[in-house]
1. Per-residue mean of other chain beta-carbon atoms within 10 angstrom of the beta-carbon, peptide B:321-329?
2. Over the Cα atoms of region B:490-565, what is the Rg over Rh ratio if Rh follows Kirkwood?
3. Antiparallel as a % of all DSSP beta bridges within the protein assembly as shown, to the nearest 5?
4. Which value, in Å to one decimal place, does the Kirkwood hydrodynamic radius take for the protein assembly as shown when every pair of different Cα atoms is included?
5. What does the structure give for B:385-395 when I average, per residue, the other chain Cβ atoms found within 10 Å of the residue Cβ?
6. Only Cα pairs under 8 Å and at least 6 apart count here; give the relative contact order of chain B as a rounded whole percent.
7. Considering every residue in B:304-317, what mean count of other chain Cβ atoms within 10 Å of its Cβ is obtained?
8. Return a whole-number percent for the relative contact order of region B:319-435, with Cα pairs under 8 Å and 6 or more residues apart as the contact set.
Amino acid sequence: MLQIESRSFAREHELFACVQCGKCTAGCPMALKTKLNPRQLIQRLLVAGNGFDLEGREELWDCTTCATCSTRCPKKVNPMEMIIGLRGAFVEKGRVHPNVKTALESTFRQGNPLTMPRDQRGAWASDLSLKPMAEGTEYLYYVGCTPSYDPRVQKVARSLVTILQKAGVDFGIMGNQENCCGSEVRRLGEAGLFEMMSEENTETFKGLGVNKMFTTSPHCFNAYRNDYPKNGMQVQHYTQILAGLVEGRKLEFSGRLEKSITYHDPCYLGKHNGVFDEPRAVLAAIPGAKLIEMDRSRTKSLCCEGGGGRMWLEGTNPGLRLAQLRVKEALETGAEVLATACPFCLQTLDEAVKHLNAEDKLQVMDVAELVAQAL
Amino acid sequence: MAFIPRVGVYVCHCGINIAATVDVKAVTAFASRLPGVVVSRDYTYMCSDPGQSLIKNDIRDLNLNRVVVASCSPRMHEPTFRAAVADGGLNPYCFEMANIREQCSWVHTSGAPTTQKAMQLVASAVAKATLLQPLEQRQVPTTPAALVIGGGIAGMQSALDIAEAGFQVTLVERSPQLGGHVGHLHRTFPTLEVTDDLIRPVIESVTHHPRIRVMTESEVAGVGGYVGNFLVGVRHGQETVEVPVGAIVVATGFEIFDARRKPELGYGAYPEVITTADFERLAASGEIRVNGREPKKVVFIHCVGSRDQAIGNAYCSRICCMVAAKQASLVRERLPQADVTVFFMDVRAFGKNFEEFYDDVRKSGVVYRRGNPSEIIRRGDRVVVRAEDTLLGEPVEAEADLVVLAVGMQPRADTGAVASLLKLSRSSDGFFMEAHPKLRPVDTAMAGIFLAGTCQGPKDIPETISQARAAASAAMIPLMRGQVTIEAATSFVDEELCSGCGQCASICTFAALSLHPTRGVMTVNAVLCQGCGACATACPSGAINVKHFTFDQVMAQIEVLSDFEVPSIPVPATVETAQA
């Protein structure tokens, strides 16, 4: 038994507005391959009286929080937030997958969900002599957990630093003082821990005099932009900074990149925050680069299955991976490079390319890496 | 001989609307002790015939010269009581109303403070009543002509009716030809009539009518005047002509929802995805073909751009269900081999013969699946509609050679501009707002301006015709009567105080104030003045007053309130509240 008070839950999440049209389930990338059916879940909660048993509803952990359901709902219901809320009931009872438990504990103790030591966070930049963030520095570059620790994604952070230094952007980093943004923690249903982190981080930013920041990951970008209390701080994704440099002609390319590129919109950049044009504008500015669009692009972009805590969870149907479907779509375009602008997308798509033995046909690269190559 | 006020006060129970929360007897007793009051009575329904007779008899028997009714809002019954007072032999402006329902009993709970507030409102009204002056309403002749804006089916029908009744009509249309959206339809629902046969004769009648002046490629540039005597500037190219009319019918129509605003549906990106508007042209061309082939699988999708808060159109467009049914039936008829599926949220077949038509369409072999599709993607040379069949509880991917999006109606992009030109309001859906949703569906808040057709909200053809004819009838009232009554409560200038600075003229939206050519002071055109009082507030010398709302009258009302001594109230009468 895992009972929740469904009536107050339904009110809190405004589920009574639902007309049962099914648009959420229709667009859900997981609905076709798992039991996840947001529309039906809403109806079950509405008719449950005051007690609803979540026992056995493993499909709640399939959700990637891609936001397709909530952005398309004609009645402004937010099924994604409903699912995050229901996960909270599992977390409260400690009834979560061991991986999730480890990730949450690591975030609490080490400030990252990757079980990496806190005092190694800034190590990736030890040879770069970057300015520590302080009052008066224009931007904080909030690096994020994966780009700080993962060797593959560290390359993205290093590429971005190269570009920004060349363009003369004034920025600082927090090094070991940087703490996880809590985005994944919140989406795994640990609202309490998220709130604590949000307060802590807000205080730290205030102490450092941060007015403007940019992030590597769309997930951190979204958390600071939409989940944290509004405090007047300007939050941008790095592709927005680069697009600004391109537009202001402050980015000089001395090299060329004779490659055909197809761009995969990360959910947390595109669907969640409407940033579709900036990454494309940056790619289009690279001399020699040829952009090809996949059929599913922009608001229709297919989720890579890496969000919503799914980096730590296989899901109920690990056989058919969305990232593999996505790589197949990219291969169909004939592009040589599958570009993206998200650490999670980079990792899942990279793995899918390997799984499909397509490494000789398709290379998964971050926008920042591609720009750096043509500088 | 000095004027001695003799005021009668009449306190209404309004059934239990007032009496359940206000101690009506206590208010009546209180009123009887107010200065100038010679009689004070209460009654169940003051607006009823016996209630009105009380007032009329007292005017005669007790020689009343001022009357106060404490009841509902003046918007509700001021005309009723003014007429009763006039019937009793008094000038109708010797009447004042205290609103103890909307401003008291309906918004407070039962108890002494509520009754005390009612007493205050009555005392305030009595204070004003003793200072009221008789005023005379005036009649001015009307211009026996009308302006109709918009040459679609609504505007043409209104124009025809008004012209047939014997009045001159100017019909203004922006585009080069008449006919509007209906002119672009192939067949109508539910009778499958050929639209051309329906609209052509109407266009012919309008074009050749001796009393209709059709001005195409023209638009309204400016509107002045008031009900009965508007002066409208109509622009045609570089030239603007002045058209004097007595009434205006607005029939500016709608815009088709732009399906590109739902990029996930691929309209504009996939040639296989078209709208119901495109389908009309396709069907009229004789051949239903996509990419040079006859489609084998056809999918219709309801509610595109309607009932959708995600794009800001919360309303139902009311026609799309039946348009999709009509088009689905045309596909069945022309392409008997094709599979036809309709994805729907609800089927709203509310009109005459609509449900029967929907029955026939299903029986013809069209499959209705309940579910609002989320997106359309490409798969090979087909497109795939991703939906959930909510009755099966299963996500489905329906392949199609042709997808038809049932697009809704939305307000025209120029609705805001037209609204400010004519001083019309818009409802939350963005369409023009009627004066009252139930009782005055074709009127606007502006006297003499009426609404016809889809500019007021989504409608089908018969509803549009009904409203067009209703608007025409309403517009003809001032024209047939030949005169309109001008409000007596207008502003006036104290020439001793006026310095002629003109601040009042700059603030007046009715252009009613002007500088007298020789006396150097401002004068009010009482025909144009609507009595809004903006000029009185703006005047730095306090030289402008509004009749029936003079400074003395308003100050008397306020002073009574500020000096109000709370009378001791006996134990509140218990009033039995009827069980709902």
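1. Average neighbour count from other chains, rounded to a whole number: 0.
2. 1.05
3. Rounded to the nearest five, the antiparallel share is 40 percent.
4. 33.9 Å
5. Mean partner shielding for this stretch: 6.
6. Relative CO of chain B lands at 14 percent.
7. Across the residues of B:304-317, the mean count of other-chain Cβ atoms within 10 Å is 2.
8. In percent, rounded to a whole number, it is 18.
Where a number appears in this text, it was derived from the coordinates with a stated rule and is not lab data. A quick note: this is a predicted structure, and the numbers were derived from the prediction, not measured. No Cβ is skipped: glycine too gets one built from the backbone with ideal geometry, and neighbour counts run over all protein chains shown.
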